[in-house]
Structure formats: structure tokens, C-alpha cells
Amino acid sequence: MPERGAPLIVGTGTNSTADSLDAVTRLVPDAAYAMTVVPYYTRPSEDGVVAHFRALAEAAPVPLIVYNVPYRTGRELSAQALLRVAALPGVVGFKHAVGGIDETTIGMFDGLPEDFSVLVGDDLFLGPMMALGAVGGILASAHVETAAFGELIDAWRDGQVTRGRQLGRRLAPVSRALFAEPNPAVIKGVLHARGRIPSARVRLPLMPATESATKAALATLS
């Protein structure tokens, strides 16, 4: 947030280009970036995805971060398609969350523009993705272990490989436990148990975390 000296990234966009254009052109004045998801459900062609982001980038008042999360959108993109999106003026980064480190991810890193940023969206893979060239992450688990995830990112940025590996091994069980039930139920359960939020309530169709899942996650924390 501006008062904390941090850029505000606003999540926006739908599977409709027209509705997404309306959303990005009405961003709050404090927004520094718009994070826009790959169109979901309708599963457009790769040409359609590129055209969608070209239209948004041309209209948006701020740079775009494209959220690539195929296990939620149902639309996988090849490395070639990702590089076409990355080359669009006004697109400055990806939140990359493909559920692993696959051939597409490796191919993507091979051809990105010099000043393009990849932010990790899969908490478990933060360390390996930093080793490949990611610059940071947008991580649900960091709501719980903020300082440790920040230290992990700094370690990899500064070339402290041993320290980065140590932190990665320590934080992996945390992320696994926090995602044991649909996100963000366990995270909210943990934050509530630690007195950091007033309620662990989630909205239907999500259900609150079970007591066992919350206790298991709490047991992984430092």
C-alpha cells in the first residue's frame, strides 16, 4: 500500500474481454499494477489469449501482470504463447502458477525480455523458481510466515544458495499444511488461532478449515 511504501497490485479481469476492459479502466487511483487472469472456462485459442491481453494492455492506465494458473482456468499456454504475451507493450510480468516446473516453464525463462518479471504463484516452488530466474512471489503462505518467505527471496536474490535451500526445506511443510484444504480456509484458521484476524469464516461454497487441519498447520510454524 502507498502508506507502507509498497506498490498496490489490484487483481482484476474475467473471461470476457469487454468486462475486463471495463474493470482495468476503472482501477482505483492508487493502483500501481493490474493483475489480470488468463481467460477461464471458455478456453480461447492461444491467439485469442494474446489478443485479449493486447486489448487490455492498450487500454489499462497501469502495467499488467498476467496471472497464468491453468489448473484453475482450464487454459494451458505454450512457452511460445507466454513469450508472445510477455512481448506485448504494457505487460511487465507473470504470476506463474502451473502446479510444477515443467518444460513450458523452462522454455518461458529462455526467451523472456530482459526487464520482464516472473512472480511465483505456487508456494512450494518458490526456491526452485527463484533459481531459474523468478524475482519474487505472490504467495498465500506468506500471510503466515511473512518474514521467512521474505528472507528466502532475499537469499536467492543475493546468491546465498545454501541459506535459500535451508529456508525452502523449512517452509515446504508449512505450505503443504496450509493447502491441505481449499485455500484460504486453513490460512484463515491459522491466522485466527494466532489472533491476527477476528474470524476464520469463509464464504460458501468454501467451508471453514477443520480443527485437525488447522492444528497440523500450526505445528509446522516456527
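The values are calculated or read from the model by the stated rules, or taken from the named source; none is laboratory data. Being a predicted model, the structure only gives us computed values, none of them experimental. Backbone-built Cβ (ideal geometry, glycine too); neighbour counts: all protein chains shown. Heavy atoms of the whole protein, side chains included, go into the accessibility calculation; ligands, DNA and RNA do not. Shrake-Rupley method; radii C 1.70, N 1.55, O 1.52, S 1.80 Å.
Open to solvent by 30 Å² or more (accessible area, probe 1.4 Å), closer than 26 Å to M130 by Cα and small (G, A, S): is that true of G74 in this structure? Here the answer is yes, as G74 does meet what is asked. Could you tell me whether the range 153-169 includes any residue that is touching a residue at least 60 places away in the same chain (Cβ under 8 Å), in a helix (DSSP H, G or I), open to solvent by less than 50 Å² (accessible area, probe 1.4 Å) and not acidic (D, E)? No, the range 153-169 has no match at all. Restricting attention to the range 151-185, the residues that are of a type in the set (D, E) and either in contact with an Asp or Glu (Cβ under 7 Å, 6 or more places away or on another chain) or more than 17 Å from M129 (Cβ to Cβ) (or both) add up to 1.
Restricting to the range 191-222, give me the number of residues that are in a helix (DSSP H, G or I) and surrounded by 11 or more Cβ atoms within 10 Å (Cβ to Cβ).
Step one: of the range 191-222, the residues in a helix (DSSP H, G or I) are 191-193, 211-219.
With the extra rule that they be surrounded by 11 or more Cβ atoms within 10 Å (Cβ to Cβ), the set shrinks to 191-193, 213-218.
Count: 9.
For the range 110-128, give me each residue that is within 30 Å of P184 (Cβ to Cβ), of a type outside the set (F, W, Y) and assigned to a loop (DSSP other than H, G, I, E, B). Matches in the range 110-128: L112, G121, D122.
Determine if the range 87-99 includes at least one residue that is outside any helix (DSSP H, G or I), over 28 Å from G127 (Cα atoms), open to solvent by 50 Å² or more (accessible area, probe 1.4 Å) and at pLDDT 95 or above. Within the range 87-99, one or more residues are outside any helix (DSSP H, G or I), over 28 Å from G127 (Cα atoms), open to solvent by 50 Å² or more (accessible area, probe 1.4 Å) and at pLDDT 95 or above. If you take the residues of the range 51-66 that are in a loop (DSSP other than H, G, I, E, B) and under 18 Å from S117 (Cα atoms), which of them is nearest to the chain's Cα centre (by Cα)? So the residue we want is P63.
Can you pull out the residues in the range 23-54 that are open to solvent by 50 Å² or more (accessible area, probe 1.4 Å) and within 18 Å of G93 (Cβ to Cβ)? Answer for the range 23-54, where residues must be open to solvent by 50 Å² or more (accessible area, probe 1.4 Å) and within 18 Å of G93 (Cβ to Cβ): Y33, R54. Go through (1) farther than 25 Å from G107 by Cα; (2) in a helix (DSSP H, G or I); (3) open to solvent by 30 Å² or more (accessible area, probe 1.4 Å) for S20 and report which single condition fails. Here S20 meets the rest and fails (3).
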